[in-house]
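The next block holds one structure in the form of structure tokens; read it before the comments.
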Amino acid sequence: MIKSGIDQKAMADMFTNATAKQGEALRKAVSAATLKALQGREMTVKNIQGVLKSVTQAASAGAANSSLPAVDVEAMLGKALAGMDAALLKAVDAQRTALEQFVEQGVGAQEKHLKGALANLEKMEDMFFDTVTKAAQSTGDQLQGPWSQVLEGMQLKGSASGTQATATVEQLMAAAQQASREGRAAGAKAAEALMKGYATLVSGVLIGMSEALRQEQSAAPAKAAAKGSRK
């Protein structure tokens, strides 16, 4: 079943059949699937929530059918949460890149669309935990304990995406205020026109970032081989 861009059956099967040693592979697979789903839609809060809900439900369904001991199942769910966090971190970076462009073009700190985008970024971590918690609760009682443990663990130390989101908001607010002081603020109508395409632009930036990363990864073995041949 494909839901919110996630092949839930494939992901569920992956968790059902995973061994205790495949934790890192699960994290990477969840991160890749979450990121791909985010790329396939506008970067709105509603769409992000839909993707996170689908991933949580699929991971839960698979973990519930796993034959592994409870401690290993909990570890698998921890990897699922970490994978979603890693994908959200890239989404935050994409939003930062897009918003930096708007600020450079004179969108001021008081422009309502910019304020709204920054407010959503500031609430990114709360949205992440709330969405996963609610999705986990809807999957039945069997995994309530394990999900509670992994969520509590990440909440105590903070998510990577939430930490980055908070820093991004601070940086962008400072940059926007500096632009206003220097008289570089765009007019209200111009700022609104620029920000209207924000969600679509973020998706495009996220796709571009991922493509660049894939190119770097594919080039790395070739560089290593060339370096080895020169020895």
What is the packing order of peptides 14-20, 86-92, taking the mean over residues of other C-beta atoms within 10 Å and listing the highest first?
86-92, 14-20
Counting only protein chains, not ligands or nucleic acids, how are I48, I2 ordered by accessible area (probe 1.4 Å), most first?
I2, I48
Cross-link reach from K36 to aspartates and glutamates, straight Cα distance under 13 Å and at least 8 residues apart if same chain, gives D7, E211
Beyond 16 Å, what share of the Cα-Cα pairs of the stretch 120-174 is found? Please give it as a whole percent.
47 percent
Ratio to report: Rg/Rh of the stretch 55-96, with Cα atoms as the point set and Rh obtained by the Kirkwood method; give two decimals.
1.14
Using the Cα atoms of the stretch 1-139, I'd like the radius of gyration and the largest Cα-Cα distance, Dmax, both in angstrom.
16.5, 57
Could you calculate the contour length gain from A174 to V71, that is, 0.36 nm times the residue separation minus the distance between their Cα atoms, to one decimal place in nm?
32.6 nm
So, how do all the Cα-to-Cα distances of the stretch 33-77 break down into 10 Å bins, in percent, from 0 on up?
26, 40, 25, 9
Kindly give Rg over Rh for the stretch 83-157, based on alpha-carbon atoms, with the Kirkwood expression for the hydrodynamic radius.
1.13
Describe numerically, in nm with one decimal, the distance between label points set 7 Å from Cα along Cα→Cβ at H113 and at D126.
2.5 nm
Alpha-carbon centroid distance for the pair the stretch 48-121 / the stretch 150-167, whole angstrom:
11 Å
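The values are calculated or read from the model by the stated rules, or taken from the named source; none is laboratory data. The shown structure was predicted, so the numbers you read here are calculated from the model rather than taken from an experiment. Backbone-built Cβ (ideal geometry, glycine too); neighbour counts: all protein chains shown. These accessible areas exclude ligands, DNA and RNA; they are computed on the full protein's heavy atoms, side chains included. Shrake-Rupley method; radii C 1.70, N 1.55, O 1.52, S 1.80 Å.
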